[in-house]
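Working notes, beginning with the structure itself.
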Amino acid sequence: MDQYEVEALFAGHVHNFWYNRFGATDCYLLPSTAFVRQDYSEMYRVPPLEGEEHGRNEDAKLGYLQVNVYEHGHVCHSIRTYGQLGGEQTVLPAEARCTPVHPLEQSHAPLGFDLRQTWSEVLKSPSGGLDEFIRKPVRNDYPLMALWEMGVKKLRVPLHDLQDDYVRERMAVLKQHGHEFTVFSFGLLNEAERNCLLQHQALVHSWEVAYASQDLDKVAGQLRHLKPELDVPVYLSRLHTHADVKQSGDRYFHVINHGFKLDDQARMQEVLDSCLLDGVISGFVLRIGLNQSPSDAVAAAADIAATMRLRFSLHLRLAGKTQPKLIMMTRRLPGESPAA
């Protein structure tokens with residue numbers, strides 16, 4: 001493959017989907033149309049459902065790849081068969097099929113995902129029936145398969161991912177498949193973080209910086225200092241504190257909230273003017289609440305962006321303002337009545 005610069009390799013045998021890269025070669029390990037290797041079920045966060053034969057009969061993992069070959073390059077689309085047969089039977093009726101999409105074939109795909117959970121973790125899986133005497137290092141690539149199915153380009157990860165050699169290599173590989181990475185951090189960067197961001201900025205599509213109000217001047221100073229060396233759009237995000245919540249009359253919960261609100265235009269303009277950030281940052285992070293209409297919020301943000309001549313990174317929170325439940329557990333001592 002190295003000598004002849006093979007573009008793509010397709011292999012089976014493991015009955016699960018994986019994607020790797022060797023030199024200039026994309027390596028695809030194909031799903032099966034028949035059954036799933038149950039020994040690899042150990043790499044998931046949850047066990048297989050009842051009736052799925054300990055992972056051997058997870059029919060959502062069954063399918064094949066459709067390969068679109070272009071003059072320069074190729075694109076693979078995963079087609080799930082859910083264990084159904086071809087021939088005279090129809091896998092899915094035509095009206096139920098989704099048009100295949102892929103990040104490389106999407107010229108405009110503004111919707112992205114926050115990869116909150118680890119997305120490139122390598123686990124040591126017991127190998128089960130085929131290789132009982134070893135453990136195999138495995139990575140769950142089904143989230144990647146799902147991203148390709150949806151044509152999702154934009155992915156949001158912490159800056160710490162960029163500092164990890166293995167994860168950074170994975171980011172470089174996925175960038176070649178059309179993915180765009182937004183990295184985020186909080187407060188001032190230390191020297192190691194700063195050097196890493198500057199050295200590997202070619203992998204970064206944008207950078208989001210969250211800050212606490214008392215540290216704004218220091219953060220702004222660092223951004224001004226980095227501007228000549230950093231060719232990456234920067235978005236500022238304000239951390240919400242207990243005082244902010246108390247002032248608005250809401251109840252405070254011990255969770256992290258950050259991002260400006262749609263009615264914070266005056267506050268954002270003050271940050272620009274007082275910290276000399278005009279031309280230094282590209283815009284701000286706006287937070288859309290669970291009970292807000294996303295389409296209305298996007299339209300309102302577009303109006304504000306046009307007025308301020310800035311761009312916004314919009315975060316849609318999927319967590320609402322739920323009341324925390326207090327669970328009281330009691331233990332009755334010998335001889336005590338139930339009332340005690």
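The values are calculated or read from the model by the stated rules, or taken from the named source; none is laboratory data. Fair warning: this is a prediction, and the values are worked out from it, not measured in the lab. Heads up, the Cβs are rebuilt from the backbone with ideal geometry, glycines too, and the neighbour counts pull from every protein chain shown. We work out accessible area using only protein heavy atoms, side chains counted, and drop any ligands, DNA or RNA first. Shrake-Rupley method; radii C 1.70, N 1.55, O 1.52, S 1.80 Å.
Here the dipole of the chain is about 1060 debye; that uses its Cα centre as origin and unit charges on the Cβ of Lys and Arg (positive) and Asp and Glu (negative). Summed over all non-identical Cα pairs, the Kirkwood treatment of the chain gives a radius of 23.7 Å. Directionally averaged projected area (segment 128-248, Cα convex hull): 11.9 nm². Rounded to two decimals, the Cα-based Rg/Rh of segment 98-153, with Kirkwood Rh, is 1.16.
Surface analysis of the chain yields an accessible area of 62 Å² per residue, using protein heavy atoms and a 1.4 Å probe.
Taking the inverse of the mean reciprocal distance over all distinct Cα pairs, the Kirkwood hydrodynamic radius of segment 7-74 comes to 13.3 Å.
Residue ranges 295-302, 145-152 sort as 145-152, 295-302 when ordered by packing (mean number of other C-beta atoms within 10 Å per residue, highest first).
Heavy atoms only, probe 1.4 Å: what % of the accessible area of the chain goes to carbon and sulfur, would you let me know?
Summing carbon and sulfur atoms, their accessible area is 53 percent of the total for the chain.
A convex hull fitted to the Cα coordinates of segment 97-198 yields 147 cubic angstrom per residue. Here segment 188-212 and segment 6-78 have alpha carbon centers that stand 34 Å from each other. Applying a length cut-off of 20 Å (Cα extent along the axis) and a mean Kyte-Doolittle floor of -1.0 to the DSSP H helices of the chain leaves 294-308.
Can you show me the helix-derived [θ] at 222 nm for the chain, built from DSSP H runs with n ≥ 4 at -39,500 (n - 2.57) apiece and divided by the number of residues, rounded to the nearest 500. After summing the helix terms and dividing by residue count, I get -6500 deg cm²/dmol. With the largest listed first and rounded to whole Å, the semi-axes of the equivalent ellipsoid of segment 37-84 from the Cα gyration tensor are 29, 12, 7. Summary of packing: across the peptides 70-76, 54-60, 232-238, the per-residue average of other C-beta atoms within 10 Å ranks them, highest first, as 232-238, 54-60, 70-76.
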